[in-house]
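Read-outs: derived from the displayed coordinates by stated rules, not from any lab. If you're wondering where the values come from, they're calculated on a predicted model, not measured in any experiment. Heads up, the Cβs are rebuilt from the backbone with ideal geometry, glycines too, and the neighbour counts pull from every protein chain shown.
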Amino acid sequence: MEYRTIQYQIHDGIARLRLNRPEVLNAWNWRMMEEVSDVVGKLNKDKNARVLIISGNGRAFCAGHDLKELENEKGYPQNFVELMDYERAKYIDPKESLRRVKIPTIAMVHGYVLAGAFVIMNMCDLIIAAEGTRMGMYGVRFGPPPDENFAYLWMMPLRMMKEMVFTGRIYTAEDFYRIGLINKVVPEARLEEETLDLARDITMINPVNNRLTKESIHLMLDIMGYSATQQTGSLYHFIGHQLFTGGEIGKDLFRAQKELGTKWFIQKVKEGAFKDFETESRMLKEALAELDGQKKAAKKPRRKKQ
């Protein structure tokens, strides 16, 4: 596969996967998911790879799912079973594949780690963050229940996790370091050096040992209920998408995203226009009515001056 949204290389046992859409803060789109999944498949067969570092080029690790891609969506499947298959293939499996990589993984993050990117980060075994990195599940302010992959439920104190998903607040790397979600926070100038030092230490361990250790940890988590948690989160996420993207409100939402653009959408999120279905529906109808009025006015022929 030709990689257009990521960069991948391996040297001295250290595999590097860089998200490479810096012009949109490495927003996670369908093509990127396919390419990351392809890399995971290669890694699981590559005997030379001992550790994987995931990072992002440019000003951020990843700003979450690409809302521009949503502008071109024709709508989610309305059949519930088809929706589950669609979302599992598009969102759940590519992220879960990162957790299932057979070698240890390190997320090297900076800038922004929002919404779906927060999930991607937490699919990694270890996390090194630059000082001031902004993180959280911001998407709950305009979307369905927070997550199709509830990985962080197992890694955060319950009340902190609830605060995050009930409010959509943005936190810093330092906030999450204090609760043990992040291994280390360093100045951004030293981020690469610190991450590579950790990766080199991992390469000094027999890879068979690390693979058995990782698989045993994952097996114990599954026995404790990790997989059931992920499936439950997925189910409620599916239900949420049916509510948020189905019917008339879904049609209005997709049209507004496509015709009014991402900047308009983000501004409405900041204004609290998605705080309930009634407010959202009224806002969308008013915005689209104004847009239709502008289009109608633009079509009227101008009178020539006498």
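Over the chain, what is the mean sequence separation of C-alpha contacts under 8 Å (at least six apart), divided by residue count, expressed as relative contact order in percent? Don't skip to the end; give the middle numbers.
Working: 483 pairs, mean separation 53.9, N = 306.
Computed over the chain, the figure is 18 percent.
Around the Cα centre of the chain, unit charges on the Cβ atoms of Lys, Arg, Asp and Glu (plus for the first two, minus for the last two) sum to a dipole of about 1360 debye.
Cα gyration tensor of the range 6-237, axes a ≥ b ≥ c as square roots of the eigenvalues: rounded (a/c below 1.5), prolate (a/b > b/c) or oblate? Write out the running numbers ahead of the final one.
Values: a/c = 1.36, a/b = 1.28, b/c = 1.07.
Judged from the Cα gyration tensor, the range 6-237 comes out rounded (a/c under 1.5).
Projected over all directions and averaged, the alpha-carbon convex hull of the range 246-299 occupies 3.8 nm². The listed peptides 202-214, 170-182, 111-123, ordered by packing as a protection proxy, come out as 111-123, 170-182, 202-214 (highest mean of other Cβ atoms within 10 Å first).
Taking Cα atoms only, the orientation of helix 191-203 departs from the longest principal axis of the chain by about 40 degrees. Helix 207-224 versus the longest principal axis of the chain: what is the Cα-based angle in degrees, 0 to 90, to the nearest 10? It works out to around 60 degrees.
For the chain, what is the mean residue ellipticity at 222 nm derived from helices alone (per DSSP H run of n ≥ 4: -39500 (n - 2.57); sum divided by total residues; nearest 500 deg cm²/dmol)? Mind dumping the intermediate values first?
Numbers: 13 runs with 154 residues, N = 306.
Taken over the chain, the calculation gives -15500 deg cm²/dmol.
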